[in-house]
Amino acid sequence: MTRAIMHGCNGHMGRVITGICDNDKDIEIVAGVDPFDDGHNTYPVFSSIKDCNIEADVIIDFAAAKAIDALLDYVEEKKVPVVVCTTGLSDEQIARIKDVSTRVAVLKSANMSLGINTIFKLLKEAAKVFAPEGFDIEIVEKHHNKKIDAPSGTALALADSMKEVLDDDYFYRYDRSQLREKRNPKEIGISAVRGGTIVGEHEVFFAGEDEVIEIKHTAYSKAVFAKGAVSAAKFLNGKGAGLYDMGDVIA
Ligand SMILES: NC(=O)C1=CN([C@@H]2O[C@H](COP(=O)(O)OP(=O)(O)OC[C@H]3O[C@@H](n4cnc5c(N)ncnc54)[C@H](OP(=O)(O)O)[C@@H]3O)[C@@H](O)[C@H]2O)C=CC1
Ligand SMILES: O=C(O)C1=N[C@H](C(=O)O)C[C@H](O)C1
């Protein structure tokens, strides 16, 4: 049995995860953290992680970038493993996560779905073939109108997975509105669309002369992320210090 704290328990993802855990005998949410609580949860809810006095095996985090510093303070102090799913983190926060993971188990992933985590591997192979042939690489992501960060954490992670196998001079282009010149062949373009209730779409284009390859993932419900996060929490229970990702869970 894994005892979990749900960080961001009253948000969209926190609610879906709570529902999944209600029907899973191998995991229990023993406490939640969220600034606003309407009292609907069956577990105690704290308005701040620093006030949470319930022991747990793991924390599942789907909250906000501004909440990450206090979360990491708590993780360090209590030595509780954490699954960090919040996106839009600063470079400093990402560096601190790496540092904390030398003392406590941390699993960080911008996307908990099986599909996206498999596409990371496919993209490395595709980029190795198409980039040397001069294909242009573009990523388009689409999300709901409540999303705060852009581009999505997943779009950045997709780009990072390809950059690992490409020449060092590849770089990310987020905005072309000020440009008055042709596309640089070493750009990886990253564009964000926001609207309605789109759960999450990511599309990678390899555009060459007279042919285009498209690799696309569509999430039809937040359950794909929630199921992955629950699997990750069970995986992290009892793990020693280290920086893990969904590749470790799926492997
Ligand atoms: N890795 C993945 O697979 C996925 C990642 N995400 C990411 O997860 C995050 C949350 O997504 P989502 O649930 O849709 O967002 P929501 O805004 O619906 O939920 C976030 C919740 O966290 C709460 N919160 C704000 N500050 C704190 C704090 N200091 N401590 C605890 N809780 C806090 C918010 O409260 P309030 O509204 O009052 O501010 C809200 O209830 C986003 O960064 C999103 O990009 C989302 C889906 C999948
Ligand atoms: O905010 C969301 O909803 C999502 N955020 C993650 C991201 O930024 O990549 C993952 C998923 O696409 C949904």
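Since every read-out is calculated from the coordinates, none of them should be taken as a lab result. Computed from a prediction, not measured in an experiment: that's the story for all the values here. Cβ: placed from backbone, ideal geometry, glycine included. Neighbour counts: every protein chain shown.
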Of the criteria (1) within 11 Å of ligand 1 (Cβ to nearest atom); (2) over 13 Å from the mean Cα position of the chain (by Cα); (3) assigned to a strand (DSSP E or B), which one Ile137 fails
(1)
Mind listing just one residue for me: the one in region 189-223 that is free of Cβ contacts under 8 Å to residues at least 60 places away in the same chain and more than 16 Å from ligand 2 (Cβ to nearest atom) and, of those, surrounded by the fewest Cβ atoms within 10 Å (Cβ to Cβ)?
Asp210
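One line per residue, one yes/no per condition, for (1) under 30 Å from Glu77 (Cα atoms); (2) within 11 Å of ligand 1 (Cβ to nearest atom):
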| position | (1), (2) |
| --- | --- |
| Val106 | yes, no |
| Ala110 | yes, yes |
| Phe120 | no, no |
| His144 | no, yes |
| Tyr174 | no, no |
| Gln178 | no, no |
Looking only at residues that are farther than 19 Å from Ala67 by Cα and charged (D, E, K, R) in region 19-35, which one is farthest from ligand 1 (Cβ to nearest atom)?
Lys25
Can you find a residue that is of a type outside the set (Val, Ile, Thr), crowded, with 21+ Cβ neighbours inside 10 Å and within 16 Å of ligand 1 (Cβ to nearest atom) anywhere in region 36-47?
no
In region 51-89, what residues are away from ligand 2 (no atom under 16 Å from the Cβ) and assigned to a loop (DSSP other than H, G, I, E, B)?
Cys52, Asn53, Ile54, Glu55, Ala56, Asp57, Lys79, Val80, Pro81
Are there any pairs, at least 6 apart or on different chains, whose C-beta atoms fall under 8 Å, with the first in region 157-169 and touching a residue at least 12 places away in the same chain (Cβ under 8 Å) and hydrophobic (A, V, I, L, M, F, W, C) and the second surrounded by fewer than 17 Cβ atoms within 10 Å (Cβ to Cβ) and not in a loop (DSSP other than H, G, I, E, B), and if so, which?
Ala159/Tyr172; Met162/Lys124; Val165/Lys124; Val165/Lys128
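Can you work out which of the residues in region 90-120 that are among the small types (Gly, Ala, Ser) and away from ligand 2 (no atom under 14 Å from the Cβ) is nearest to Leu236 (Cα to Cα)? Steps first, please.
Step one: list which residues in region 90-120 are among the small types (Gly, Ala, Ser), which gives 90, 95, 101, 105, 109-110, 113, 115.
If we keep only those that are away from ligand 2 (no atom under 14 Å from the Cβ) too, we end up with 90, 95, 101, 105.
Values: Ser90: 24, Ala95: 20, Ser101: 12, Ala105: 7 Å.
Step by step, filter region 90-120, then rank; the result is Ala105.
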Inspect all residues belonging to region 64-71 and state whether any of them is closer than 17 Å to Lys222 by Cα and touching a residue at least 12 places away in the same chain (Cβ under 8 Å).
yes
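Within region 146-164, track down each residue that is within 14 Å of ligand 1 (Cβ to nearest atom) and either among the hydrophobic types (A, V, I, L, M, F, W, C) or within 18 Å of Ala126 (Cα to Cα) (or both). Before the answer, list the steps.
Keep residues of region 146-164 that are within 14 Å of ligand 1 (Cβ to nearest atom), which gives 146-158.
Correct list: Ile148, Ala150, Thr154, Ala155, Leu156, Ala157, Leu158.
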